[in-house]
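Just below is one structure, and these are the notes that go with it.
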Amino acid sequence: MKVKVVENDQELQDAYKVRMDVFVEEQKVPPEIEIDEFEDESTHVIIYDEGKPIATGRIREADGYGKLERICVLKSHRKFGLGKLIMDELETVGHKMDLKQFKLNAQTQAESFYEKQGYKTVSGEFLDANIPHVTMVKT
């Protein structure tokens, strides 16, 4: 399995499907806030397994940071290192955008995963879509 930058509308729709499955169906995020105003300015990445979309994430520039968002892997494909593949590709995209530091809002249950990727927590806990999060950065 290989991560790739989304290049067309079908791949973008596939990324949205993974996000809907993970965030809306599994985590009960309201569907009206899952797709947001930053979709068009973001670079999206996706992983397929035998033609089926299974993982995705996006990056955009925000306040001098590469802001990593909407990182998710289908439940059936977790624990295979796909989250790290998504993170590595998003950071590669960010470096190509000449960004030197990265930021994300992590669900607290995933905080240790992001720590292993070199991110440090820089905020207290807050709610986003009724899910506890913290802000993390990597320089």
Count - residues of region 49-66 that are free of Cβ contacts under 8 Å to residues at least 40 places away in the same chain, open to solvent by 30 Å² or more (accessible area, probe 1.4 Å) and part of a strand (DSSP E or B): 2
Top-ranked residue of region 1-42 - restricted to ones that are part of a loop (DSSP other than H, G, I, E, B) and aliphatic (A, V, I, L, M), ranked as modelled with the highest pLDDT: VAL6
All positions within region 5-26 that are surrounded by 13 or more Cβ atoms within 10 Å (Cβ to Cβ) and either within 17 Å of ALA110 (Cβ to Cβ) or basic (Lys, Arg) (or both): LYS17, VAL18, ARG19, ASP21, VAL22, PHE23
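The values are calculated or read from the model by the stated rules, or taken from the named source; none is laboratory data. The structure presented is a predicted model; accordingly, all values stated were derived computationally and were not measured. For neighbour counting, all protein chains shown are included, and Cβ atoms are generated from backbone atoms with ideal geometry for every residue, glycine included. All accessible areas refer to the heavy atoms of the entire protein, side chains included, with ligands and DNA or RNA removed. Shrake-Rupley method; radii C 1.70, N 1.55, O 1.52, S 1.80 Å.
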